[in-house]
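Remarks on the structure that follows.
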Amino acid sequence: MTSVVAAEHQPYAAHEGLPPPPGGWRRLLYPGFLRAAWMAPLFFGIGCGIVVLCRWWGGWHPIWFGEIIVLVGALIAAPIGFLAGVGVFDYWVRYAIGAPTVPEDHTGHGAYSWRDYFRVNTDHKVIGMQYLVTTVVFFLIAGLLAMLVRAELAKPGMQFFDNQTYNGLFSVHASLMIFLFVIPAFAGLANFVVPLMLGAPDMAFPRLNALSYWLLPIAGIMMVSSFLVPGGAFASGWTGYAPLSVHQPMGTIFFNMGVQWAGASSIMTALNFLVTIITMRAPGMTFWRMPLLVWANFTTSLLVVIATPFIAGSQFFVMFDRVMHTHFFDIAGGGYPLGYQHIFWFYSHPAVYIMMLPGFGIASEVISTFSRKPIFGYRLMALSLMAILVLGFSVWAHHMFVSGMAPWLRVPMMVTTLLIAIPTGIKVFSWLATMWEGKIHFNTPMLWAAGFVSMFVIGGLSGIYLGAVPIDIHVSDTYFVVAHIHYVLFGGSLFTIFAGIYYWFPKMTGRMYNETLGKLHFWLTFVGFNATFFPMHLIGTQGMPRRVSDYDPMFAHWNMFISVASFFLGASTIVFLYNMITSWVRGPKAESNPWRAHTLEWQVSSPPPYFNFDELPQVVGTPYEYGVPGARHAVFNGDRVGELEEVKH
């Protein structure tokens, strides 16, 4: 058995984290929330001053223009001030101004108490936990917004909200779920696990990693706070189609800038993953020995780096049309409204795979471990990820079959949409073949992974229907589309996120969760999810439009059923929260490898040492050789010494 690296015997354990902050007025200059509390208003004032000065210099009236003040002062300058206050720029600023370099003593690395999770930290494991907890908070907020939407739709007629408020509810719900939960939750899991899987001590750029996390709460708070501005939240959907979004109330600019902050976070994280995976693999860790989760995050990071600038561009164009009176999407001024959709979906369909490929990697890890079998078709599984990466950029216009785009573009997009089902199908059949005749252990992570496979197949099949032009014309903008995206992103992405959280919970916290509560959470969610979203296929094909606050009474019974089921689904999350919190605080101590897995993160203590490995691992095989006598993924120095002694004797 591979030796376990003990957390107590590590070379960096002598220090006890950051020294206590200074007293007196110097405390105001110490990085943290107190410094951020005065730096954010200071930068807001600087931003306002820049706006006023520029408008006075240009002779524009009024000099104090509220919307531009909010944009520059509150949504750009104040967040930069907050980031400077918490300390993410301190090292780089000292370098930029030529100040003496501060020796690196690693006091900002690792969590020695709960307070270390609330400051800038360069440890990838702490950053991963920060990501996950933050994304769960935004998941809860977005879920509550969804329940308000379903409360309004429980009966025909207007119950609780006017049309604009209702539009804001589902717009912020979808935006938080996509930009502040699914995408960054996968980044959080990968942040914790990928360096360990590679045998690396940390990510390639620890300070950039810390910065990428702190951009995230800024984006989320920005989107949620849009409810507080005059006119209410942004209300043109998470897609923000122009020219509608150009003429919405002020909340739209909160969406425009929130996407920019979240997108910048994604790009920084993706670049970090790419450099880490390419340059920091342990000796012997060739690409064909990497776990499939690492492959999944490698391809996802390529998608993020290539595609995310397009959504940034689309939001800048909308903001320029609104604030600077350009005409990118104004047909009266010579603009091209469909241009927004082309730019947006050129990012947002690859974004579907950004939200799915990490889940594919998690499913592969969990299914192989709990089936006690090697992954079926490992190399083809990795190559299918690369195929999805390439084909993902050739299908964007299937979202636009009824938009009025050039008719000749429909058939090529239909063909590529159906073609991309092939590498996805390879993965589904490989998972099934991995489970076939395996010694399956239906622990909680395996339940979520198996549930993912079944639900994702349903979402994929409805996607094939939507990829066919005639069917898409009929069900476009109906609840059939709502059902499809939720089977893909809830039944697909969310199920794999839960699988990953339960699977690595012992490694992240050093505690075991309650298995009974974990299984209860799965079954409540599985039943509630299907009861909520499967009927939407039916009312969608019958013609119920999406994104409406009132509807024909013929759909009343199904909508009442869906609303009741959605509240049942929401209540299932309480079980998850109770299990995670109580287990983290007082759960039984976890073994280093409770699942008997082969990948490197399970060969160190739980939780891992501050710099992951006291001994550099030597990778000698693939990570999925379950049932193969003597097969090992990696050995440490202690193992090799023991083997040499055996040879001598």
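The values are calculated or read from the model by the stated rules, or taken from the named source; none is laboratory data. Since we're looking at a predicted model, the values are computed, not measured. Positions of Cβ are generated from backbone atoms using ideal geometry, with glycine treated the same way; all protein chains shown enter the neighbour counts. When the accessible area is computed, the model is the full protein with side chains, heavy atoms only, and any ligands, DNA or RNA have been set aside. Shrake-Rupley method; radii C 1.70, N 1.55, O 1.52, S 1.80 Å.
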| request: Just name the residue that is modelled with the highest pLDDT out of those in the stretch 233-254 that are open to solvent by 10 Å² or more (accessible area, probe 1.4 Å) and in contact with a strand residue (DSSP E or B) (Cβ under 9 Å, 6 or more places away or on another chain). | output: Phe254
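Please verify whether Ala590 is among the aliphatic types (A, V, I, L, M) and in contact with a Lys or Arg (Cβ under 8 Å, 6 or more places away or on another chain), treating the condition exactly as stated.
The answer is yes for Ala590.
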| task | Could you please give the count of residues in the stretch 568-583 that are in contact with a strand residue (DSSP E or B) (Cβ under 6 Å, 6 or more places away or on another chain) and open to solvent by 90 Å² or more (accessible area, probe 1.4 Å)? | result | 0
| field | Any hit, the stretch 294-306, residues being part of a helix (DSSP H, G or I), assigned by TED's automatic domain parsing to the domain that holds Leu391 and over 22 Å from the mean Cα position of the chain (by Cα) | value | no
| query | Which number in (1) modelled with pLDDT of 85 or more; (2) open to solvent by 90 Å² or more (accessible area, probe 1.4 Å) marks the one condition that Glu646 misses? | reply | (1)
| message | What pairs come out if I take residues in the stretch 349-366 that are of a type outside the set (Asp, Glu) and pair them with residues that are not in a helix (DSSP H, G or I) whose C-beta lies under 7 Å away, six or more apart or interchain? | response | His349/Val395; Ser364/Ile375
| message | Could you check the stretch 32-54 and list, in sequence order, the residues that are open to solvent by less than 80 Å² (accessible area, probe 1.4 Å) and either among the small types (Gly, Ala, Ser) or touching a residue at least 60 places away in the same chain (Cβ under 8 Å) (or both)? | response | Gly32, Ala36, Ala37, Ala40, Gly45, Gly47, Gly49
| task | Identify all residues within the stretch 144-181 that are farther than 20 Å from Gly251 by Cα and either at pLDDT 95 or above or buried (at least 16 other Cβ atoms within 10 Å of the Cβ) (or both); write none if there are none. | result | Met147, Arg150, Ala151, Glu152, Leu153, Ala154, Phe181
| remark: Of the candidates Met554, Met560, the one satisfying the condition of being touching a residue at least 60 places away in the same chain (Cβ under 8 Å), part of a helix (DSSP H, G or I), open to solvent by 30 Å² or more (accessible area, probe 1.4 Å) and assigned by TED's automatic domain parsing to the domain that holds Trp523 is Met560
| note | Checking Phe328, Phe346 in turn, the sole residue that is modelled with pLDDT of 90 or more, open to solvent by 40 Å² or more (accessible area, probe 1.4 Å) and in a helix (DSSP H, G or I) turns out to be Phe346
| His173 versus (1) on the phi < 0 side of the Ramachandran plot; (2) part of a loop (DSSP other than H, G, I, E, B): which is the lone unmet condition? | (2)
| field | Qualifying positions in the stretch 275-294 - of a type in the set (A, V, I, L, M) and open to solvent by 20 Å² or more (accessible area, probe 1.4 Å) | value | Val275, Ile278, Met280
| Out of all the residues in the stretch 370-380, is one or more among the β-branched types (Val, Ile, Thr), open to solvent by less than 10 Å² (accessible area, probe 1.4 Å) and out of contact with any Lys or Arg (no Cβ under 7 Å at 6 or more places or on another chain)? | no
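Can Met223 be described as touching a residue at least 40 places away in the same chain (Cβ under 8 Å) and open to solvent by 20 Å² or more (accessible area, probe 1.4 Å)?
So Met223 does not fit the description; no.
Report yes if Met197 is open to solvent by 20 Å² or more (accessible area, probe 1.4 Å), assigned by TED's automatic domain parsing to the domain that holds Leu489, out of contact with any strand residue (DSSP E or B) (no Cβ under 8 Å at 6 or more places or on another chain) and touching a residue at least 60 places away in the same chain (Cβ under 8 Å), otherwise no.
No, not satisfied.
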| Give me the pairs: first residue in the stretch 408-420 and in a helix (DSSP H, G or I), second residue among the β-branched types (Val, Ile, Thr), beta-carbon distance under 7 Å, and six or more apart or on different chains, which are they? | Arg410/Val469; Met413/Val395; Met414/Val469; Thr416/Val395; Thr417/Val395; Leu418/Ile464
| request: Just one of (1) crowded, with 20+ Cβ neighbours inside 10 Å; (2) part of a helix (DSSP H, G or I) trips up Ser549, so point out which. | output: (2)
| So which residues in the stretch 515-545 are in contact with a Ser or Thr (Cβ under 7 Å, 6 or more places away or on another chain), in a loop (DSSP other than H, G, I, E, B) and surrounded by fewer than 20 Cβ atoms within 10 Å (Cβ to Cβ), if there are any at all? | Gly543
